[in-house]
Structures are given as structure tokens and as C-alpha cells.
Amino acid sequence: MEIAAINGGMPVRNETIYYGRQWIDEDDIKAVGDVLKSNYITCGPKVKELEQYLADLTGARYAVAVSNGTAALHCACIAAGIGPGDEVITTPLTFAASANCVLYCGGTPVFADVDPETYNIDPISIEAHITEKTKAVIAVDFTGQAVKIREIRDICTRHKLIFIEDAAHSIGTEYDGQPVGSLADLTCFSFHPVKTVTSGEGGAVTTSDKELYKKLLLAHTHGITHDEEEMDEAPHEGDWYYEQIGLGYNYRLTDFQAALLLSQLSKLKQFRERRKEIVNRYNTAFDSIPELILQKEIPESDTCRHLYIIRLDLTKLTCTRRQFFDAMSAENIQCQVHYVPVYWFPYYHHLGYKKGLCPNAEKIYEGIMSIPLYPKLTDLDVEDVIHAVTKIVENYSQ
Ligand SMILES: *Cc1c(COP(=O)(O)O)cnc(C)c1O
């Protein structure tokens, strides 16, 4: 057996690999530079072009580009009309923003449990948490795998709830042959650098509902409209005139970010194929290791995977997750954990949420770790990651 680096052995590699990383080419840099040399640097023609591109890509009627994925979720909650007294059902196995956006609106996040095999929100648990106060569901395509859209859509229709999909992980994923972005009432994307495509910071909401679209537009730019039909006074003052008809925010994306994202989106197919190749390689390597549990996929999801999670079967290992994680770091493979159940955080604890709410999510959390997954990984990098994982498993195997 090879000695783990943490116990004094040689690390599998000398240069650290991180769990996620953007891929920026010369053409991305040129696209940004071109905008910086033009007349518009903030919300101008590139943002419009991006919104059209996202609508075409997802098959949604409308897309609104915003400053980040959290802003996208906040705008979606505003459009859904979430306010004090309203409950919104979401998953605990997500980035905090998926629940925080409900709090921004004065609503109450309610955590439904996840499926023990796919780690995505379980429609049965959603239904079990519905009360007369429930107004919406925020379902997260965790790691990029689509949630059970048909079942959730059906629940939302029967209970008259707005279906918001947090697709921060899942751009490029299809559900039953349909792109994510066209299936929920509102779909939210993030373009943070660790996500599949990036604009530095950035986000978008897609919808096919005109009323929701109008609300998104107002929410992301101060509640201001230039559309006379929307105005109270319609005073025909002239082209300069606009009205603030609601309370909104400044969540606009800049034109140079939009240009970067358009350039990135032109490579989405290529990114998606490379991510798939790496996922297949990992699956093949880890499938036969009894100490590791792999995330299951539903057949409806043709997944553009954002995160690759290994789950340690701690009953078969002599280490804790912490020790495994540190041992991987010593091999120069920097992993990450996605995610601490949201309601475990002190802020949520102070709001009255208690441990034990979602036993499946808590159990999954104990053993999970995200290993490097991004298109820029070379085949050799991928082999190093596999080598490190197998080596550490061997070192701690019972
Ligand atoms: C990244 C992420 C967000 C927030 O996106 P930002 O662009 O970082 O604001 C929301 N939900 C999930 C699931 C995410 O992973």
C-alpha cells in the first residue's frame, strides 16, 4: 500500500488542483475588451443580446440578466409575490442563497428533505410540508441534476404554488429532452466563476409568463418603467420620462459581463461534453469501491454536471470525513463540501430552526465531499484525483 502524504508519504502530485475553476480564453478577453472600448459599458446592447440568447438556449419566452445568482433568486421571489406570512418550501442541501431569498422578502423558508439517493428535494416531502401559507417551491438542481420536474410541477399545479427552479448548477442540463430554464415558472441561474459558465459575477431569471416577466424587470431596476402602458399617469412628457411604479433594486448586469457570458455560452456544449467525460471516468473508477457511495441519477435528467460528489461510507472506513478531506489536501487535491444543511447555520438556528429537521440531508452531509470537476482538468489531472481517492480509501479501509 502507498503511504498517504498526510502520514509522510509522497503526494500524488506537487501542484494543487482545486475543486472548481473557470476557463477563460483569449476570445473571452477580446469580447470584454471590445465592450470596454465601446460607448456602453453597463446595461446596453450586449445585455439585450445575452437575454435573447438565454431565452433561445432555454426555450423560455423571456430572460432577465441580473448581477448575480442571489439577485436572480431575490427577483424571482419578488415576482412570485412572496411576503410576510408566506411559506416557501426548499431544500437544506444547497447554498444559503436558495433560502435567504425568501427571508429577504419577509417570508419563511420551510425545509423539505431530500431523496437519499439523488440528494435532490423529494417531492413526497414537499407535499408533506404544504400548509395554507405555502406560496412557492424553490427546487435546486443540486450538482446539476434536474429535480423531479414533472412531480413538482404537478404538486405546484394542484396546490396553486409558484414553481421556482434554482438552476445555479444546471445550465446545459435537459429534463426529458427539454432544456432547464423552460420548465418551471421561474428559473434562476448563476454565473459565478465556479459555475459552468461565468461572467465574473452574474445571474439570470427565465420565465414564459408575461406578468412574471414584467415583475422581474421592475425588481431588477428600481421598480422603474419606461413603458407608457405600465405607467399610472401616462403623461406623454417625452422620451426622457419614466416612472417608478414599485420598489426595486439595482441588480443590473454590465455590458462587459454580458459579453463575457455570451462568449462563454458559445463554449457551453464543449464544456458540457468535457464535464461528462470526466464524470464518466470518475464513475467507472469509483463504482467498484465499496467505501464510496455515488450519487444516483434519474433517467429524465441529461445532466451537465457542476459538482462531482463522493460520499464516504463511514461504517467501512477508519477515518472521519474531516480526516479524509485533510488527507486529500495533503495529496494536493483540494476538495470542498457542498453543503452544510442551511438550517444548521447559527443565523437559522437563532430564527428557531433545529437540527434533525431533514434526516436524509443531515445523513448525506456527514459523508460528502466534492472532488475537482471542471473542463480544464487534463486527463492526467483526472487520473491524479482518482489515484488520490483510491489511495486514501486504502489507507483508511477497515
Ligand atoms: C452559486 C449558487 C447561488 C448563488 O449564486 P451567486 O451568483 O453566487 O449569487 C444560488 N444557489 C445555488 C444552488 C448556488 O450554487
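Only the coordinates and a few stated rules stand behind these numbers; no lab work does. If you're wondering where the values come from, they're calculated on a predicted model, not measured in any experiment. Using ideal geometry, Cβ is built from the backbone for each residue, glycine included, and neighbour counts are taken over all protein chains shown.
A few notes on this one:
- Estimated translational D of the stretch 125-236 in µm²/s (Stokes, Kirkwood radius over Cα pairs; 10 °C; 1.306 mPa s): 101
- The stretch 114-131 versus the stretch 167-240: alpha-carbon centroid distance in Å: 27
- DSSP-defined beta bridges in the chain - what % are antiparallel, rounded to 5: 60
- Cβ-placed point charges (K, R +1; D, E -1), dipole of the stretch 123-216 about Cα centre in debye, nearest 20: 260
- The chain - percent relative contact order, Cα under 8 Å, separation 6 or more: 25
- Farthest toward positive dipole pole in the chain [+1 Lys/Arg, -1 Asp/Glu at C-beta], among 364, 205, 221: 364
- Pair residue 376, residue 7: separation of 7 Å Cα→Cβ label points (nm): 3.4
- Annotation note: chymotrypsin sites (Phe, Trp or Tyr not before Pro) in the stretch 223-302 located in DSSP loop regions with a Cβ neighbour count of at most 12 within 10 Å are 240.
- Over the stretch 44-180, relative contact order from alpha-carbon pairs under 8 Å, at least 6 apart, %: 20
- Among 156, 349, 125 the positive-end extreme of the charge dipole of the chain (Cβ point charges): 349
- Pair residue 150, residue 222: separation of 7 Å Cα→Cβ label points (nm): 4.7
- The stretch 1-85, relative contact order in percent, only Cα pairs under 8 angstrom and at least six apart counted: 11
- Alpha-carbon centroid distance for the pair the stretch 321-398 / the stretch 1-77, whole angstrom: 23
- Cut-off 19 Å, label 7 Å out along Cα→Cβ of residue 244, residues of the stretch 56-77 by amide N: 75
- Using every pair of distinct Cα positions in the stretch 188-315, the Kirkwood expression returns a hydrodynamic radius of 18.6 angstrom.
- The stretch 336-383, dipole about Cα centre (Lys/Arg Cβ +1, Asp/Glu Cβ -1), debye to the nearest 20: 400
- Rounded to the nearest 10 degrees, the inclination of helix 321-330 to the longest alpha-carbon principal axis of the chain is 80 degrees.
- Convex hull per residue volume in Å³, alpha carbons only, for the stretch 227-379: 241
- 12 Å beta-carbon shell around residue 206, net charge (K/R +1, D/E -1): -4
- Shape descriptor for the stretch 1-92: Rg over Rh equals 1.19 (Cα atoms; Rh from the Kirkwood inverse mean 1/r).
- Its residues counted as N, the stretch 197-246 yields a C-alpha radius of gyration over 2.2 N^0.38 Å of 1.40.
- Taking the chain as a Gaussian network of alpha-carbon nodes connected by springs under 10 Å, the highest mean-square fluctuation of the residues 33, 248, 200 belongs to 33.
- Inter-label distance, nm, simple model (7 Å from Cα along the C-beta direction), residue 296/residue 383: 3.4
- Calculation over all alpha carbon pairs of the stretch 337-398 in 5 angstrom steps from 0 returns a P(r) of 4, 15, 16, 16, 13, 12, 11, 9, 4, 0 percent.
- Three-way shape call for the stretch 65-167 based on the alpha-carbon gyration tensor, with the a/c threshold at 1.5: oblate
- Applying the Karplus relation 6.51 cos²θ - 1.76 cosθ + 1.60 with θ = phi - 60° to the stretch 135-145 yields 3J(HN,Hα) values of 10, 7, 10, 10, 9, 9, 6, 5, 6, x, 6 Hz, where x marks Gly and Pro.
- Taking 70, 134, 91 as the candidate residues, the one with maximal mean-square fluctuation in a Gaussian network model of the chain, Cα springs under 10 Å, is 134.
- Proximal lysines to residue 133, defined as alpha-carbon separation beneath 19 angstrom and excluding residues fewer than eight positions away on the same chain: 160
- Here's the picture: a label point sits 7 Å out from the Cα of residue 24 along the beta-carbon direction, and within the stretch 187-217 the residues with their amide nitrogen under 17 Å of it are 191-203.
- Stokes-Einstein diffusion for the stretch 207-281, with the hydrodynamic radius set to the Kirkwood value over Cα pairs and evaluated at 25 °C in a medium of 0.890 mPa s, equals 158 µm²/s.
- Per the Debye formula on identical point scatterers at the alpha carbon atoms of the chain, with no solvent, log10 I(q)/I(0) at q = 0.07, 0.09, 0.11, 0.13 Å⁻¹ is -0.34, -0.56, -0.82, -1.10.
- Within the listed set 86, 176, 25, the Gaussian network model of the chain (springs between alpha-carbon atoms below 10 Å) gives the highest mean-square fluctuation for 25.
- Cross-link pairs exceeding 29 Å between alpha carbons, from the set 135/214; 296/376; 135/267: 135/267.
- Only Lys, Arg, Asp and Glu carry charge here, each on its Cβ (+1 for the first two, -1 for the last two); on that basis the chain has a dipole of about 880 debye about its Cα centre.
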